[in-house]
Structure formats: C-alpha cells, structure tokens
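First comes the structure, then the notes that go with it.
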Amino acid sequence: MRDKSLKYVLVLPAVFVVFATAIWPLVESLRLSFTVGRLNRPNFPQEYLGFENYAWAFLEEPAFWNSVQVTAIYTLVTVVLTTVLALGLALLLSPGGRLRSTVQTLLILPFAMSPALIGVSFRFMFNPEFGLFDAFFSFVFPPLAHISWLSDPTLAFAVVVMADVWGWIPFLTLVLIGGLASVPRDTIEAAQVDGASGWRVFKDVTLPQLMPVLAVVIILKTIFSLKTFDQIYMLTNGGPGTATQTLSHYIYFSGLKYGQIGYSASVAWLMVIPMIFLTYLYAKHMFRKG
Amino acid sequence: MTGKQKKQFWNALQVILILTAAFIMLIPIIWIFLAAFKTHVDVYQLKVFFTPTIENFGTVFESPYHLGDKLYNSTVVAGVTVLFAIPIATCAAYSFSRFSLTGEMTMLVMILATQFVPAVVIILPFFVMFRDIGLLDTRLGLILINLAIVMPFAIWMIKGFIDGIPIETEEAAMVDGSTRIQVILNIVLPMAAPGLFTAGIFCFILAWNEFLFALILTNKDAVTLPIGLALFKAEEGDLWNLLSAAGIIIMAPMFVLALIIRKHFVQGMTMGAVR
Amino acid sequence: MAEIKLEKLTKRWGDFIGVDNQTIHIHDKEFFVLLGPSGCGKTTTMRMIAGLEEPTDGEIWIGDRMVNDELPKDRDVAMVFQNYGLYPHMTVYDNIAYPLKVRKTPPQEIETRVAKAAEQVELTEFLDRKPKAMSGGQRQRVALARAIVRTPLVFLMDEPLSNLDAKLRVTMRAELKHLSHELKITTVYVTHDQIEAMTLADRIAVMNHGVVQQLGTPDEIYNNPENIFVASFIGSPAMNLIQGSLLDGWFVTTGGTKLTRVGGGDKERVVLGVRAEDFIITDAGQGDIDVPVYATENTGESVLLTIQFGKQRVSAKGDRHLDKKIDDIVGLKVKPEHLYLFDPVTEKRIRPGQ
C-alpha cells in the first residue's frame, strides 16, 4: 500500500473511536438538551422544547446557580492553593540530592490514588471521633475538637478543598520540577553574579521563564477543578444540603437520580462552553512550542 | 562566619519543610494502611500501636461483600480497554508522527480536547443508548466507554515516543528494501516497545481508577473496585477497617505500576505539553 | 584594583577530585587564562571564584577580602557564560541594564551606562530586540556588554567564544583583546582552545586532572614546556613525541637510527619532543633518517606531511611548494636548538645541559 493511502488508514480506527466516544455524545447531548428527555416517564419522551431547559436552569433553579457558585469558588480556591503550594514544593525539591529525589519519587503515590479513594480517606481522616486530622486540628486549636466537619457547610467545603489540593499537589509539583529543570541554569547563575538576591533571581529570572509551564499547569488544573466529581461524591455527596454540590454533581443528580436527561444535558452544555475556551488556551500553549 | 551560619539555617529549614510536606502527603495513605490491619474495635481509636490482623483482607472477599468479583471486573475492564486502546493508538500515533495529513492539526486538537469534556456530558447519551441496547451493567459497555478516557492520552503519549525515534533508522531500512509495513513491524514497534508498555500502564491506571462511568452504568454484575467501596457503608456507619482493606487492594497495584513508569507520568498527564 | 589569590583550593564531589589543593595568584589587571581539556578543573576553579561552587577546602581572596562565605552577588565580579546566560524574556537593553538595576543604580545613570556599553560592543541598534532574534555573535556581545556595564573587580569568562563559528571566533578574539586593554580589569578566562589562550593571555595556567601543570607566559608555555602534557597540549599540530633511547648523548630511535645529538649521556628510555615546524624535510638520503610519507595535507600556507616513523607517525611541516606524494621516501633533519627530552615514566622534562 502506498503511504498516501496508508497514512489515512492508520488513523481511521482512532478517529472513529474518538468520534464515537467523545464527539457523538457531545452532539447527542446537545440534541437532548433541547428535548423533554424525562427518563422517569414511560417511553422516554423526546419532544423538542427549544431553549426551555436552558431558560429553566437560568430562571427557575436556584440549585443550578448554587452549583455554579460552588464550582466557581471551588475552582478558584483549589487552583490558587494547589498552584502556589506546588510551586513552593517544587522549588524546595528541585535542587536534587538523595532526600529530595526520594521525596520526588514518593510524590507519585498520592497521584496514583483514585480520586474516589481520596474522597473516602478524607472522610476517614475527618471523622469527628477517631479521624486523625480531626485529632490534629483539635490538638493545635482546641475549640475545633470533635467538630463534625462534614456537617457544617463551610467546614465541609474546606475539607473538600483540602482533599482536592492534597490529591493534586504531587502532580503539579512534578510538572513544575520539570519546568524548573528546563530553566537554563546559566541564566540563574548569571543573575546571581549580576548581583541579584535569591528572591530577585526567582522573580526576575526563574519565574518569567517558568511562565509557559505555569500557564499549562494552571489551565490544566482549572479544567480538572471544574470537572470535579469523584471526591465530592465519596466525601460529602454534595452536602451538607447543597453546600459542596459542584456542577458535575448537580448534573449527575438531576440527570440520573431524577431522570431529567434533557434538562441536565442543557446544564452539561453550559459547562462545556468554558471548557472549549480553556481547551483552546491549552492547545494554543502546546502548539506554540512545537 | 555569619554567611555560613545563615546558609546552614536555610538548609535546615528546607529539610524540615520537605519532611513536613512528605509527611502530609503520605499520612492519609499510611493511616489507611494501618487501619486495614486493625480490628473493627481498634479502628475506632487513634492507635498507632496495635496487634495487626489480616482478617479484614479475608472478610472483604466473603459474603456479602464479594470483593473478588469487583477485582475481577476491574482487571478485565482495565485490561481489555488497554488491549484495544494501545494498537489503535499506535497506528494513529505513527501516522501523526511520520506523515503530514490533511487536517492533522484539527484532528490532534480534537483528540486533545475530548479529554477535557466533562465525563457527565459524555455519560448522558451513553446511558440512554446502553439502556436501549442492553449494555447497562455489562463489562463490555464499560470497556467501550473507558476507551473515551484512555484514547487521547494513549495517542499523544505514543506519538511522543515515536517522535523520539530517529527517522534515519526507518529511512535506512527502506533504502535497504523494506516496505512501510515491514518498517513499522520490524523497526518501529521494537524500538517503541518500552513506550507502548509505559502508555499501556498509564492507561491501565486511568481505567482502573475510573469512577463516574462505572457508578452510573453498573449496579450489580459489572461493578468495579472504586464503586465497590460503597458496599462498606453499613447502617451503623462506615466499616472503616474493611474500607481500608479494600482501599489497599485498589491502591497497591497502582502504586507499583506508577513507580514503574514514574519518569513518564508527568508527560502522560500533560499530553506532552510539558516534558 | 584586585588581585585574586587561591590558596590551597580543593573541590571534591564524593571521591571525585575536581580541583586538587591548588594555589594560584592572579595579578591585578592581568589577563589570566585557565587552559586545559574538559574535566581538568578549569571551569570549577572559575566557578569557585564566582561563588557558584563552594570549595571543599582552601581560601579564595579577591583583593583584600576572603570571599569563601560570600554569595556571588556580593563578590563584585562579572561573568560571561559559555552559553551566554542571557535572560530570554528581557530585551537586550534590559539584559545589559540588569546588573545595574539590581544594585539600585539611578535610572539616569543606567541609561548612560547601558548606552556606553552597547556602543563598546557595537550593539546600539539592537537594544530593543530579544536575544532569540539575534545571531550567536550578537548574543555574545550582549553577554559581554552585560559584564562591562559595571566596573567589577574581576571579569570571569567561561569559554565565551566556544559557541561561535571559526571565523567569528577570530574577530571576537581580537575584540576581546582590545576591550581588555581598554578596561584594565583583572580577567580570568577559561578555555580549552590553546590558540585563544596563546593570543589573549598575559599568563596561562595549563591544568589537567585538577592540577596546574605549568603556569607562565604564553612564550614560556610554548617554548619551555615542563612536561609531556603541556608539550603535547600546546601547539597545532600537537608536538611529536618520539620514543627512543639516549646513547652517549645521541638520541636513538626504537628502530636503531642515531637521529641527533642532544647531550646528557645514556638513558634506556626517553621521549624526544619535536614540533612539526622544527623538522627540516629533505630529499631521501640527505637527512638524518629516511622515512616514507603516510599522508600529505596542503593547508595553503604550508604542507603538512604525516610520516611513518617506525611504528609511530609523526607530522612535519614543509614549505607550501613541497611536492611529495604518499609512499615517497623523504629525509628528515631536526633543528637541534628546539628539541625537548622527556622522561617517559615521570613525564617530566629532562634538561641534559644542567
């Protein structure tokens, strides 16, 4: 077979799989979002409603707005916290040496843990009677002793954030260590010889050169924060009330627990829109290098 | 000698910070590990020293939990997903790496983008379709949909490995008289084998840890390990010693696999955006 | 005003010795070259002066200050790096201005001094560019300008010309020489290129295995090498080292031919060092020894013959009109005033006259 046709034959299966498992469901979701799509009614009615589902979400559903708000705050807080802490840890670990490279290796472990399991373990750690973190916090700050963390809206949110930050720091740290390693050593040494203090070397030389990697990290983390579902489901299941109900969780509940497929498809599509923008940013960063 | 003292102080501070960070990162894992060996009495206390028991690991496989079934499901689903994904991804990755295709950029970006689509969006139409054609609560259904998660990573990762194989080797083989297919089979596949293995492990981990699809699509026969965790919620509360034992069974293989491919983990997750 | 004194300086990484207990004094305003093959410790020595590497042992003095515990920023040195170390995200102007900015120089002064430095290295029209948009030679000038924008106590240059192509290297070499003459600041220059060392240096320290093999003016190093290493490292092509013995003051090749009288009695094994240009090529039968031609190379200005000399090969430089072919037999004579004898065991120079 000539290369001319072979090259398309080779990509065909993959393109088909990606089309069937991602593009089709995306389009089909869009179609469903304009229909009644009630699973809990007989024969799964699919009459077209136009934009009624979207209007319903915007105008009639405080729960939708609540989940938008939760997701927004959650994303903002987790992205900022994870990035800042991971950058600090990356700076601490990047010089190398036995201790540092051992810790770098250990960082893989939390990262290989499934998000659902992270949710479970944090529920365990924050148990008001025998949770280890609970014991620790009450030791440091006695008024917090035996507080039912997951029953208080603010504290539950804090725990959810902590679990997410804990789960993502290792990955971001490893990426940033790689980024730091690619900052040419001699530019840093040049700045040291030129008379810059440690902080100024970081601010004037290291950080600007780390920006492309940092941008990738922030975009990626934003995408994953927006999508968060697993930990939340296992940790608080959106509760108490709807205090930790993210958009993904809201879509899951309205669509699959209450059977409103059409409605939840419309909410899901509202979520796809910022994703498209973020993906565009990510791809732009990626191809600017190559 | 203040310069020296200052340096020593900074070094000591850094070591303390690093150890603290390492401790925080590991303590939940260690705690689960300890809890898995505690009796159901010890687990409700903050004991660090206790008489370890492996009883929990037996209990989780017995009735009513039957964790063995879930373990089997997880292994089959993740394994078969990888067996499908890697050959398909390898063909595509070779083509993307070595040829210029019309619309190549668009295809690559699309493949990248699909990984960022929220899983809840993908699952809605699949749920409806699987319900209609009877694929709900089957391993086959799970395998098909896991391909959605795994494919983009596999393609990008393998493309990265093939990009790293010098094209001269292939050109030499073609000058020596090989056809393109022979080149792929005799030159590229052996040279890319470690990369394919790495990508395979990476995809296995992703499929193994997958939660949302399995939560929605399974309820009895095809339940995988992460969903199986929900079994250990009893009326009187969570059975933490059993949950922990199950957690270890989920985590431990992934730790081993992750350590094997740790050098490529970052590259895999960022799809080559960071090397 | 700064001399540099390295006292019993040592750098070890585990078992590996980078620099081995070396004492070097570099005079004020001197252009001092550290020369040697890669891994010889020359760069490590320079980096310890800059403060980028911490000595395992010994002291570093710049002027009258012991700087061992000072950070690079406090040592008042300027450095040009092998890969230039330019800040890719800053313009040329900002690159050059950076050492002044971090030292809180008034903006007005920064402007005039950057302008002056840029002019000295002929970069004035490129000040708005980013380093990425410049050629290798231009980047090199930016690095130089960044070093000369202040008046540091010491200039450190780590193989600054090694990334340039051959032609540019020659021009930049001349510019460097001119610049150092103008600035009159103590300069330490690291290179593995003996021509750079010979042309630029006031004094050269030839290093190998972390030890200074010989320290002296270019003339001393070239004409009076202390040992086999220095003799063979300096000069292009490398000095011929011919195995043989001493018999009654005559050098006898391993083949048994009495080559030339060098004095100094009898010795079973010696090495005779002859530079290619110190051979005289004659027709067969008219030299001290007849040898076959292995290869000829015409470099334009001269003809270089590679000659099969027993089991060894030696090179001899001849007139550019010399017309010899491979396998021709030629005669060789040596100029007795330019011969060097070495002990093959200690590798030290033998001076039969003394």
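Read the figures in this text as sums done on the coordinates, not as results from a lab. Since we're looking at a predicted model, the values are computed, not measured. No Cβ is skipped: glycine too gets one built from the backbone with ideal geometry, and neighbour counts run over all protein chains shown.
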query: Per the helix-only calculation at 222 nm, which mean residue ellipticity applies to chain B, given -39500 (n - 2.57) for every DSSP H run of n ≥ 4 and division by its residues, nearest 500 deg cm²/dmol?
result: -23000 deg cm²/dmol
query: According to the Cα gyration tensor, what semi-axes, each the square root of 5 times an eigenvalue, does the equivalent ellipsoid of chain A have, listed from largest to smallest in whole Å?
result: 38, 31, 17
task: Just the Kirkwood number for the range A:31-128, please: inverse of mean 1/r across all distinct Cα pairs, in Å, one decimal.
output: 18.4
query: Say we join alpha carbon atoms closer than 10 Å with springs in a Gaussian network model of chain C; which of C:P88, C:P225, C:P72 then has the biggest fluctuation?
result: C:P88
field: 10 Å-binned pair-distance histogram of the range B:109-158 (Cα, whole percent)
entry: 23, 49, 25, 3
task: Kindly provide the GluC sites (Glu not before Pro) of the range C:117-169 that DSSP labels as loop, not H, G, I, E or B, and whose Cβ sees at most 14 other Cβ atoms within 10 Å.
output: C:E122
- prompt: In the range C:253-314, what trypsin sites (Lys or Arg not before Pro) fall in a loop by DSSP, with at most 13 other Cβ atoms inside 10 Å?
  reply: C:K311
message: Kirkwood Rh over alpha-carbon pairs of the range C:4-233, then Stokes-Einstein at 4 °C and 1.567 mPa s: what D in µm² s⁻¹, rounded to an integer?
response: 71
- prompt: How about the range B:38-134: which GluC sites (Glu not before Pro) there are in a DSSP loop, with at most 10 other Cβ atoms within 10 Å of their Cβ?
  reply: B:E62
- prompt: Summing -39500 (n - 2.57) over the DSSP H runs of n ≥ 4 in chain C and dividing by its residue number, what mean residue ellipticity at 222 nm do you reach, to the nearest 500 deg cm²/dmol?
  reply: -7000 deg cm²/dmol
- prompt: Plugging the Kirkwood radius over Cα pairs into Stokes-Einstein for the range B:137-248, at a temperature of 4 °C and a viscosity of 1.567 mPa s, what D comes out in µm²/s?
  reply: 75
message: Could you tell me how far the Cα centroid of the range B:13-40 sits from the Cα centroid of the range C:1-23, in Å?
response: 44
Student exercise, the range C:240-350 dipole from Lys, Arg, Asp, Glu Cβ charges, in Debye to nearest 20: 240
message: Taking 60 Å as R0, compute the FRET efficiency from the Cβ-Cβ separation of B:V256 and A:I276 and round it to 0.05.
response: 0.95
message: Using amide H atoms built in the peptide plane, which far-off residues or other-chain residues are under 5 Å from C:K324 H to H?
response: none
message: Assuming 0.36 nm per residue, please report the length gained on full extension of the stretch C:E70 to C:Q286 beyond their Cα-Cα distance.
response: 71.2 nm
Charge-dipole axis of the range C:1-143 as Lys and Arg at +1 and Asp and Glu at -1 on Cβ define it, positive-most pick from C:I60, C:L9, C:P72: C:P72
- line: Over chain A, the sum of -39500 (n - 2.57) across DSSP H runs of at least four, divided by residue number and rounded to 500 deg cm²/dmol, gives at 222 nm -22500 deg cm²/dmol
query: Excluding the sites themselves, what is the longest stretch of chain A that contains no GluC sites (Glu not before Pro) in a DSSP loop with at most 14 other C-beta atoms within 10 Å?
result: A:130-290
task: Quantify how strongly other chains surround peptide C:138-151 by giving the mean number of their Cβ atoms within 10 Å of each of its Cβ atoms.
output: 1
task: Give, as ranges by residue number, the residues of the range C:90-122 whose backbone N falls under 18 Å from the point 7 Å along Cα→Cβ of B:K6.
output: C:102-104
- prompt: Pairing the Cα long axis of helix B:119-133 with the longest principal axis of chain B, what angle in degrees results, from 0 to 90 and rounded to the nearest 10?
  reply: 80
Cα-based Rg and Dmax for the protein assembly as shown, where Dmax is the largest Cα-Cα distance (Å): 36.3, 119
statement: Tilt, helix B:2-36 to longest principal axis of chain B (alpha-carbon atoms), in degrees rounded to tens, equals 80
field: Using a Förster distance of 56 Å, the FRET efficiency for A:R98-C:E175 (Cβ separation, nearest 0.05)
entry: 0.75
message: What FRET efficiency comes out for B:T169 versus A:F16 if R0 is 25 angstrom and r is the Cβ-Cβ distance? Round to the nearest 0.05.
response: 0.25
query: Relative to the first principal axis of the alpha-carbon coordinates of chain B, what is the inclination of helix B:139-163, with its axis defined by its Cα atoms, in degrees from 0 to 90 and to the nearest 10?
result: 60
field: Dipole of the range A:33-287 [Lys/Arg +1, Asp/Glu -1 at C-beta], most positive-end residue of A:L281, A:T154, A:S225
entry: A:L281
field: Among C:H192, B:L185, A:S121 the positive-end extreme of the charge dipole of the protein assembly as shown (Cβ point charges)
entry: A:S121
- prompt: Label C:K325 and C:E182 with points 7 Å out from Cα along Cα→Cβ: what is the distance between them in nm?
  reply: 5.5
- prompt: So how long is each side of the range C:240-350 along the principal axes, counting just the alpha-carbon atoms, biggest first, in Å?
  reply: 39, 24, 23
task: Any chance you could list P(r) for chain B, counting all Cα-Cα pairs in 5 angstrom bins from zero, rounded to whole %?
output: 1, 5, 10, 12, 13, 12, 12, 10, 8, 7, 5, 3, 2, 1, 0, 0
Assigned charges on the beta-carbon of Lys, Arg, Asp, Glu; the protein assembly as shown dipole about Cα centre (debye): 640
statement: Between C:I280 and residues 5 or more places away or on another chain, the pairs with built amide H atoms under 5 Å apart involve C:K333, C:V334, C:K335
- request: Taking only Cα atoms and a 10 Å spring cutoff, compute GNM fluctuations for chain A and point out the largest among A:L214, A:L150, A:L49.
  value: A:L49
statement: Summing +1 per Lys or Arg and -1 per Asp or Glu among the other residues with Cβ less than 15 Å from A:S67's Cβ gives 0
query: Is any helix in chain A, taking whole DSSP H runs, at least 20 angstrom long along its axis by alpha carbon and on average at least 0.0 on the Kyte-Doolittle scale, and which ones?
result: A:3-18, A:62-93, A:153-181, A:207-227, A:261-289
